[in-house]
1. A 24 angstrom limit on the alpha carbon distance is what I want to check against. Which of 93/136; 60/102; 64/137; 63/89; 64/102; 63/99 exceed it?
2. Work out how much length residue 126 to residue 42 would gain on full extension: take 0.36 nm times their residue separation and subtract the Cα-Cα distance, in nm to one decimal.
3. Using each residue's phi in the range 48-58, evaluate 6.51 cos²θ - 1.76 cosθ + 1.60 at θ = phi - 60° and report the 3J(HN,Hα) Karplus result to the nearest Hz, with x for Gly and Pro.
4. Can you send over the carbon and sulfur percentage of the accessible area for the range 39-105, probe radius 1.4 Å, protein chains only?
5. Check residue 49: other-chain or 5+ apart residues with amide H under 5 Å from its amide H, H built from backbone geometry?
6. Please label the shape of the range 48-96 as rounded, prolate or oblate, based on the square roots a ≥ b ≥ c of the eigenvalues of the alpha-carbon gyration tensor (a/c under 1.5 means rounded; beyond that, a/b larger than b/c means prolate, else oblate).
7. Once R0 is set to 22 Å, what does the formula 1/(1 + (r/R0)^6) return for the Cβ-Cβ distance between residue 79 and residue 102, expressed as a FRET efficiency to the nearest 0.05?
8. Can you list residues whose amide H is under 5 Å from residue 93's amide H, if they're 5+ apart or on another chain and H is modeled 1.01 Å from N?
Amino acid sequence: MDNKDKRLSKVVKEFARFANEYDYYSIIQMEVAKTLVEQLSCDTYTVIVDIGAGSGEVYKNIKKNSISFEQFIALDSSQEMLGIHPADKKVTKVYANFKMSKTFDALTVESNGLLLSSSALQWSEDLDFTLSNLSKK
């Protein structure tokens, strides 16, 4: 395991360790999610994919802003964070390793779908890889 993998593993472990306290310390992330959702141009999507969904701030703001969707896919690299993400019959929670191509290969976003990330891309250890894979969707 190289230093990058060790660092990312440490980040994922820290998110997992403090998942239940995350909302107490994530004021900036809450504001970013709120602002991001307020800037969406449509009020209806077939599928919404939230990369690094965490505790569900994007989802909560989508619901609060009455944006409708058929399916919401919450992707996160911490199962503990997914555990505190709101559950709903339209929500699919997916544990995802963003360092692997197969994570992105499994994503399908239709023409009226939305792929977004509120505050997670900062944790990418290879942003070129991540953005390259996301741009194909």
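The values are calculated or read from the model by the stated rules, or taken from the named source; none is laboratory data. For clarity, every value in this text was computed on a predicted model and none was experimentally measured. Neighbour counts are summed over all protein chains in view; Cβ atoms, including those assigned to glycine, are modelled from backbone coordinates with ideal geometry. Protein only, heavy atoms only, side chains kept; ligands, DNA and RNA dropped before computing areas. Shrake-Rupley method; radii C 1.70, N 1.55, O 1.52, S 1.80 Å.
1. Values: 93/136 22 Å; 60/102 28 Å; 64/137 27 Å; 63/89 14 Å; 64/102 32 Å; 63/99 30 Å.
Cα-Cα > 24 Å for 60/102; 64/137; 64/102; 63/99; rest within.
2. Details: separation 84, 0.36 × 84 = 30.24 nm, distance 3.05 nm.
Fully extending the segment from residue 126 to residue 42 adds 27.2 nm.
3. 10, 10, 9, 7, x, 5, x, 7, x, 4, 4
4. Details: 1510 of 3250 Å².
Here carbon and sulfur together make up 47 percent of the probe-accessible area.
5. 73, 114, 115, 116
6. On the way: a/c = 1.95, a/b = 1.65, b/c = 1.18.
Prolate.
7. It comes to 0.80.
8. Counting only residues 5 or more places away or on other chains, the set is 74.
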